[in-house]
Structures are given as C-alpha cells and as structure tokens.
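Heads up, the thing below is written out as structure tokens.
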Amino acid sequence: MAQTKPLMAKSSGTDHANAAIQSALRTFDAEGSGISALAAALQGPLGTAFAAAVEMIREAKGRVIVTGLGKSGHVARKIAATFASTGTPAFFVHSAEASHGDLGMITADDVIVALSWSGEQPEMRSLITYATRFRIALIAMTADSDSTLSKAANVALTLPKAREACPHNLAPTTSSLMLLALGDALAIALLEGRGFSSVDFSVLHPGGKLGAMLKYARDLMHSGEAVPLKPLGTKMSDALVEMSSKGFGCVAIVDAGGYIVGIVTDGDLRRHMRPDLMTARVDDVMTKNPKTIGRDMLASEALEILNSSKITALIVTDARKPVGIVHLHDLLRAGVA
C-alpha cells in the first residue's frame, strides 16, 4: 500500500488538471458563442442602433458618462477608461452613487452610456429620471428591449441572449464579456472615425512600456560627436578605432557631401577577415545603402526594423545625412523591448 499512494496521488492530480482544462475550454466555448451572437446581431437591428450611438457620441459637446452597477459597473469602468485613452473624453459614475450627489457631475452636453443586462436595476432609476428631466442623451446597453432602461433611452443597444459560462447559468460571465466587447467596439469605431493616430495615442500614454514604444527616434538617439562617422576612402584601421571608441559596433560611411553611403559593422569585419584588412579602405568592406530611419519614426517601429533585419543599431538621418544613432540597448533601457 505504501508504494501505491504516490501513484494514486499522481493520478488524482492529473485528473484534476484535466478537469480544470476541460472547464476552461467550456468557458471559452460559451463566451465565444456570446461574441459570435453579438457579431451576428450587429448585422441586423443592433447594427442600426450601434451606428446611431456612435454618431450621438461623436456629436456630443460634452463627455461620455459610463455607468453601471455590480459586474456591469466593473465593465463600465473599463469602457470609460478605453474611451478616454482613445480620444473620447469619458469617466465612470457609479449608478448607486449617482443619486447621492454624483448626478451633479453630469451636464446637459454629456452622453450617458448605461450598462445593465436586465435593464431593471432600481439604482438606475434616479439616473434615468435625471437624464429625462434635463434632456441628456442616454444610450442603453442591455439584453431586454422592453426593459425600463431600454424604453427610456434615446438609443437602445439590445444584446442577444446568451448562456453564461457558469454551469448554473447565473454568474455574469458571457454577458459581461459581451458588454465589454460592445463597449470596445464603440470606442474603436469612434477612434477610427476621427482619425485618431499613434501620435495622438502617445500624448495620452506617456508612461509605462506603451509610452516608451510611442517615443520617437529623436527622443532616444545619440547625436553630435557620439555618432560614429568616417568618410569614404578611410583606412579600415581608422574605422576600427572609430567603431571601438564610440561603442556601437558600427561606423557610418559618408561621401564628400555628408550623405550616408554605407556602414561598416562587426559582421562586415568577420565577413572580410584577411591579413590586409586593416590597410583596406572602407569602400571595399562597407555594406552599401544601409537601413536608416528618420527622427520622427516611433521607437516601436525602429524595434521592428532591428528585429526583422537582425541588426543592433540604426543610423538616424535627415535628408540622407546622419544626425544620430539608435542602438537596441537604448530601446531596452527605455522599456520599449
């Protein structure tokens, strides 16, 4: 019996792991079905309401007030954050707190987006009354077109019914994901409609890795005397001194007009290794027409070029004249990679 206990425990552990994986797969299947149903509904009446909601938010002079309670409230808070980070001014107001003073945060120029799967939460009534009284645009996101919230709304986004991932069909799972997906769809439609660019995005995301990726080459490059440069006709011995002293593992080669025509890298040295290498001219060793980037290239794009080209440094040019250099290590230190 002493020898069989570990085997039994191992078997039990494996069974538990398999059961957990199968449970996760059932959850994904249920929630995926909900997203598929939502996509299908958008090709019908929901699509018309969706377009109207996007237009209403776009034309609003004020902000988007996203509200909800319980799980819908958590989703609403995230949707508000997504709106704000993609160029649509927005903030979250808790439905229950609204009737205790937070209604004063909402103005007649705003648009309210109210999330409630049932559309019958008692805490939402004060907000509905307030919106009606002051003629504040109201967009409902609910699963019941006959609910109090839907009937009071200027635009009702009625989501299709879907089974929750919970085996008892009780815990908000699939429904929460559908509300979240529809909120994201609104935010992205607005982003694309106004031509919100990566430059606009960088203004709103200056911190963290995302902020680092949205920096420009000019923010990270080394310039001036730090740039390794040598003219055509330079002996490789002098080029090697420049490479070593500047520490980037390369040296840019320029013509008489100061325009970049090539680059000598550590790889070029290995490929041309021979007894007379140090007396050779850079013209015979350099890689012609090297990859370069402009000052205004995003750091994330520079990283993509480095990775795809399997190189470690890029010369930054202005009208084909070297003005800086960006090394992979610079991107690592900035948190881009």
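The values are calculated or read from the model by the stated rules, or taken from the named source; none is laboratory data. None of the values given here were measured: they were computed from a predicted structure. Counting neighbours? That spans all protein chains shown, and the Cβs are built from the backbone with ideal geometry, glycine included. All accessible areas refer to the heavy atoms of the entire protein, side chains included, with ligands and DNA or RNA removed. Shrake-Rupley method; radii C 1.70, N 1.55, O 1.52, S 1.80 Å.
Per residue, the chain exposes an accessible area of 52 Å² to a 1.4 Å probe, with every protein chain left in place. Label region 135-193 by shape, choosing from rounded, prolate and oblate, from the square roots a ≥ b ≥ c of the eigenvalues of the Cα gyration tensor; if a/c is under 1.5 it is rounded, and otherwise prolate applies when a/b is larger than b/c, oblate when it is not. In terms of gyration-tensor shape, oblate. Once each of the chymotrypsin sites (Phe, Trp or Tyr not before Pro) sitting in a DSSP loop with at most 14 other beta-carbon atoms within 10 Å is removed, the chain keeps 1-133 as its longest stretch.
Starting from 0 in steps of 5 Å, tell me what percent of the Cα-Cα pairs of region 63-164 lands in each bin. Pair shares across the bins are 3, 15, 26, 28, 19, 8, 2, 0. Can you tell me which lysines have their Cα less than 27 Å from the Cα of LYS215? Leave out same-chain residues fewer than eight positions away. By straight Cα distance, LYS215 reaches LYS78, LYS246, LYS291, LYS310, LYS321.
Around the amide H of ALA153, modelled in the peptide plane, lies no amide H under 5 Å away from a residue 5 or more places distant or on another chain.
For the chain, modelled as a Gaussian network with Cα springs under 10 Å, which listed residue fluctuates most, SER126, SER309, SER72? The residue with the greatest mean-square fluctuation here is SER309. Here the Kirkwood formula puts the hydrodynamic radius of the chain at 24.8 Å, using every distinct Cα pair.
For region 250-337, the fraction of C-alpha pairs farther apart than 22 angstrom is 31 percent. Taking 14 Å as the straight-line reach from the Cα of LYS288, the aspartates and glutamates in range (excluding those fewer than 8 positions away in the same chain) are ASP255, ASP268.
Which angle from 0 to 90°, rounded to the nearest 10, does the C-alpha axis of helix 174-193 make with the longest principal axis of the chain? So the inclination is approximately 60 degrees.
In terms of its C-alpha gyration tensor, region 251-291 has an oblate overall shape, because the principal axis ratio a/c (a ≥ b ≥ c, square roots of the eigenvalues) is not below 1.5 and a/b does not outweigh b/c. In the chain, the portion of solvent-accessible area held by carbon and sulfur atoms comes to 56 percent [1.4 Å probe, whole percent, DNA, RNA and ligands not counted].
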